[in-house]
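These notes concern the structure reproduced below.
Just so it is clear, none of the values below were taken in a lab; they were calculated from the coordinates. A quick note: this is a predicted structure, and the numbers were derived from the prediction, not measured. With ideal geometry, Cβ positions are generated from the backbone for all residues, glycine too; neighbour counts draw on all protein chains shown.
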Amino acid sequence: QVQLVEFGGGLVQAGGSLRLSCVASGITFSIYAVGWYRQAPGKQRELVAAISSGGSPNYADSVKGRLTISRDNVKNTVHLQMNSLKPEDTAVYYCKVSRPLMSIEYWGQGTQVTVSS
């Protein structure tokens, strides 16, 4: 059974930092691409950062320079270090693992990030 568990969300003041983590089980984690998505109230879910199975990161323009994605294939974990947080970063953050060529993807349950001004 595939399971993704996210943690690390919380309430932080603007300018602060949080580190989100997503732990995967039930899959060969190293062969999956991983993405962090977020969804704010009334808005569509959007991709903020992704990392390929080979470790190449990509970021949405809105978070470049502030968020860093990394993965640890030994611990089946992906991290999202979030610095210089802004109120507009407030959202539920979701982890997704995928193998796009095989149309396989799994989602975590999400973790709330709230940034106060």
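So how long is each side of region 1-62 along the principal axes, counting just the alpha-carbon atoms, biggest first, in Å?
The Cα atoms of region 1-62 stretch 36, 24, 24 Å along their principal axes.
What is the distance in Å between the Cα centroid of region 43-61 and that of region 1-23?
When both Cα centres are located, 15 Å separates them.
Based on the alpha-carbon gyration tensor of region 64-108, what equivalent-ellipsoid semi-axes (square roots of 5 times the eigenvalues) come out, in whole Å, largest first?
Working: eigenvalues 111, 42, 18 Å².
Whole-Å semi-axes of the equivalent ellipsoid: 24, 14, 9.
Counting pairs of alpha carbon atoms under 8 Å apart in space and at least six apart in sequence, what relative contact order in percent does the chain give?
Working: 282 pairs, mean separation 40.5, N = 117.
For the chain, the relative contact order is 35 percent.
Once the other residues with Cβ under 12 Å from the Cβ of residue 4 are scored (Lys, Arg +1; Asp, Glu -1), what is the net sum?
Values: positive: 96; negative: 6, 105.
Net charge in that neighbourhood comes out at -1.
Taking just the alpha-carbon atoms of the chain, what radius of gyration and Dmax come out, in angstrom?
Cα only, the chain: 13.5, 42 Å (Rg, Dmax).
Once the other residues with Cβ under 14 Å from the Cβ of residue 83 are scored (Lys, Arg +1; Asp, Glu -1), what is the net sum?
On the way: positive: 19, 64, 66, 86; negative: 89.
The answer is +3.
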